[in-house]
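For reference, the structure is listed below as C-alpha cells.
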Amino acid sequence: MLVPTILLIVLTILLLIYVIGKNNENYWRRRGIKFHDRNKVAGVFWDFLTTDKPLFEIVGDIYKQYRDEPAVGFGGFMTPTLLVNDSTNLQHVFQTDFHSFSQRGTEINKDDRLADNILFMNGNRWKLVRQSMTPIFTSAKLKNMFYIMDKSGKDFIDYLKKNPERLKGNAFESISTFCCAAIGAAVFGVVSESVFDSPFMDISRRVFRSTFVRKIKGSIVNLSPWLTKTLNIKLFSEHEDFFIGVVKKMIRQREQQEIGQKHDFVDMCVSLQRNGTLIDKDTGLELEPTDELLAAQAFFFYLAGIDPSAAAIFACLMELGRHPEHLQKVHDEIDMTFEKLNGQLTYESVMEMEYLEKVLCESLRVLPPVGFLVRQCNQDTVLPVGNIKIEKGTKIFAAVYEMHHDPKYFPDPEVFDPERFASKSAQDNIVYMPFGKGNRLCIGMRFARLQVKTGLIHFLRHFTVKTKIDGDKLQFAREIQVRPTNVEIEFIPRKMKDL
Ligand code: HEM
C-alpha cells in the first residue's frame with residue numbers, strides 16, 4: 001500500500017509541476033512575449049537555491065539572452081513574472097505609472113515584527129509611514145547630523161591606526177565597521193568607539209550572510225504569500241527581542257532628556273510619539289507610532305546603512321585602487337579641502353567635492369550594491385512598448401547590474417570613467433538605478449551618499465589604496481547584495497607631514 005501511495009504522490013507532484021510550468025509558458029506566449037523556459041515553475045529562484053550564482057547574476061543572464069526584447073517572461077510559481085528590458089517600459093513601471101506598480105510584492109507575516117518596515121510595507125500604510133520618516137532625511141536634518149558621521153570617520157582612522165592588521169586582508173569587513181559606527185550613532189545614538197567591536201556589528205553580519213535556510217525563506221516570501229502564511233515564515237524573528245528592547249530603552253531614556261539636541265533617529269521617535277497618532281490627510285488612515293513600529297524602521301535603516309553603504313565605499317576604493325590617475329585627483333581634492341578648512345571638514349565642503357561625487361556615481365554604476373529590482377502590479381495596466389497587457393499581481397523585475405553594463409546605455413561599459421557623470425542630469429537616466437527609481441526610491445539615499453563620502457574623505461586623507469583582482473573577471477558572493485569575492489584592497493598609510 002505504501003509504495004503505490006508514494007508513487008501517486010510523486011506522480012501528482014510531477015503533474016502539478018508540468019501543469020504550472022506549461023501554464024506560465026502559455027501565459028506569456030499568448031501575449032506574444034518570449035518565455036525563458038529554464039525552470040518554468042520557480043524561474044530564477046530555482047537556480048538561486050541550487051547553484052552558486054547570486055540572484056542578480058541569474059536575472060542578468062536572462063537580460064543578456066533577451067536584451068533586444070522589450071520584456072521576457074519566466075517562471076514565478078503561480079505568479080506571472082516578467083523581466084522588463086526596454087527603457088521606456090521601465091520608466092512606465094518605476095515612474096510614470098506608479099499607481100499600478102506601487103509595491104514590491106513581498107508579503108510578510110503580520111507577526112514578523114521587524115519586517116513591518118518601509119521596505120516591505122504596501123499601500124496607504126507604506127505611504128503614511130514613508131511620509132512620517134521622510135523629514136529625517138532633509139538637507140537641514142542631514143546637515144545637523146553631519147557631526148555624527150564626521151566623528152565616526154575620525155574614530156575609524158584612529159581605529160585603523162591602532163589596529164594595523166586591518167590594513168590588509170578583509171577590506172569589506174573594515175569598511176563595514178565605519179558604516180556600522182556612523183549608522184549606529186545616527187539611528188541609536190550609540191557612541192562610535194563602542195560599535196567597532198559590539199554585538200551590533202554581529203547582527204548585520206548575520207542578517208546579510210546567506211545561509212540555505214535564509215535563501216529558502218527569502219524565495220518563499222518572494223514566490224508565494226500563501227506559503228509564507230501557511231508555513232508561518234518570519235524573516236527576522238531571531239533579532240526581535242534585542243532590537244525592540246534597544247529601541248524601547250533608547251526612547252524611554254531620551255524622553256527624560258531635552259529632545260532635538262542629538263539630531264538622531266531616537267529624537268525623531270520621541271517627537272513622533274509626542275505628536276500622537278499618524279494621520280494621512282488624503283485617506284484618513286490612522287496609525288499609532290508604537291515602539292514596535294519605530295523599532296522596525298530603525299532595524300531596516302540600521303541594516304541598510306551598513307552593508308549597502310559599505311559596498312558603495314568598497315566599490316569606490318576598488319576602482320580608485322586600480323586607476324591611479326583618478327585616485328590622485330580625489331586625493332588632491334580632499335587635501336585641498338582640508339587645507340582650506342584648517343583640517344575641519346564641514347557638511348558644505350563634502351557637498352562641494354565634485355570629483356568625489358563623479359567617482360561615487362561611476363563606482364555605483366560599475367558595482368551597484370543592489371543588482372536587481374522588483375515591483376508588483378496592483379491594478380491591470382499596459383506597458384507602452386510592445387503593448388504588453390499586465391494583470392494585477394504580475395511581478396516585474398529590472399536587471400540593474402546588467403543594464404549598468406549594457407553598451408547600449410553606457411558606451412565601453414567596462415571602462416571606469418567618472419566623466420560620464422560630469423552633468424548632474426546623467427543620474428536621471430532611467431536605467432541608472434543604484435538607489436532605485438520613482439516613489440519607492442531609497443529613502444536613505446541622501447544620508448547614504450553623505451555617509452559614504454564622509455567615510456571616503458577621512459579614509460583617503462590618511463590612506464591610499466592598491467587593488468588586486470584575482471583573475472580577469474570579478475566573481476561575486478552568493479548573496480542578495482552585489483559583493484565581489486576575488487578583490488583585495490590594500491590600505492597604505494600616506495606619508496604626509498601634517499598627518
Ligand atoms: C549606498 C547605500 C545604499 C544603497 C545602494 C541603497 C539602495 C537601495 C535600493 C536600490 C532600494 C530599492 C529602491 C527601489 O525599489 O526603487 C532601497 C530602498 C530603501 N532603502 Fe536604501 N540604499 C542604501 C542605503 C540606505 C540607508 C542608509 C537607508 C536608511 C537610513 C536606506 C533605507 C531604505 C529604505 C527604507 C528603502 C525602502 C524604500 C521604500 O520602499 O519606500 N537605504 N535602497
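Of the residues D412, D406, which single one is open to solvent by less than 60 Å² (accessible area, probe 1.4 Å) and part of a loop (DSSP other than H, G, I, E, B)?
D406
What number of residues within the range 89-119 are open to solvent by 30 Å² or more (accessible area, probe 1.4 Å) and either more than 11 Å from the ligand (Cβ to nearest atom) or in a loop (DSSP other than H, G, I, E, B) (or both)?
Of the residues in the range 89-119, 12 are open to solvent by 30 Å² or more (accessible area, probe 1.4 Å) and either more than 11 Å from the ligand (Cβ to nearest atom) or in a loop (DSSP other than H, G, I, E, B) (or both).
Could you check how many residues of the range 354-375 are more than 11 Å from the ligand (Cβ to nearest atom) and either within 22 Å of L90 (Cβ to Cβ) or open to solvent by 10 Å² or more (accessible area, probe 1.4 Å) (or both)?
Result for the range 354-375: 8.
Mind checking whether some residue in the range 323-340 is open to solvent by 20 Å² or more (accessible area, probe 1.4 Å), among the polar types (S, T, N, Q), more than 17 Å from F421 (Cα to Cα) and within 16 Å of the ligand (Cβ to nearest atom)?
Looking through the range 323-340, none of the residues is open to solvent by 20 Å² or more (accessible area, probe 1.4 Å), among the polar types (S, T, N, Q), more than 17 Å from F421 (Cα to Cα) and within 16 Å of the ligand (Cβ to nearest atom).
Return yes or no: is K473 surrounded by fewer than 20 Cβ atoms within 10 Å (Cβ to Cβ), of a type outside the set (A, V, I, L, M) and in a strand (DSSP E or B)?
no
If you take the residues in the range 401-444 that are in contact (Cβ under 8 Å) with a residue 60 or more places away in the chain and of a type in the set (A, V, I, L, M), which one is nearest to the ligand (Cβ to nearest atom)?
I443
Let's see how each residue does on (1) out of contact with any Pro (no Cβ under 9 Å at 6 or more places or on another chain); (2) modelled with pLDDT under 95; (3) in a loop (DSSP other than H, G, I, E, B):
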| residue | (1), (2), (3) |
| --- | --- |
| Y18 | yes, yes, no |
| N24 | no, yes, no |
| D37 | yes, yes, yes |
| D47 | yes, yes, no |
| K53 | yes, yes, yes |
| Y63 | yes, no, no |
| G73 | no, no, no |
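What number of residues in the range 121-138 are open to solvent by 30 Å² or more (accessible area, probe 1.4 Å) and within 11 Å of the ligand (Cβ to nearest atom)?
Number satisfying all stated conditions: 5.
Just one of the numbered conditions (1) crowded, with 18+ Cβ neighbours inside 10 Å; (2) within 26 Å of the chain's Cα centre (by Cα) is not true of S237; which one?
Of (1) crowded, with 18+ Cβ neighbours inside 10 Å; (2) within 26 Å of the chain's Cα centre (by Cα), only one is false for S237: (1).
Within the range 259-311, take every residue that is open to solvent by less than 10 Å² (accessible area, probe 1.4 Å) and hydroxyl-bearing (S, T, Y) and give me the one that is modelled with the lowest pLDDT.
Y302
The values are calculated or read from the model by the stated rules, or taken from the named source; none is laboratory data. The structure presented is a predicted model; accordingly, all values stated were derived computationally and were not measured. In this analysis, Cβ positions are derived from the backbone assuming ideal geometry, glycine residues included, and neighbour counts consider all displayed protein chains. To get the accessible areas, we keep the full protein, side chains included, count just its heavy atoms, and leave off ligands, DNA and RNA. Shrake-Rupley method; radii C 1.70, N 1.55, O 1.52, S 1.80 Å.
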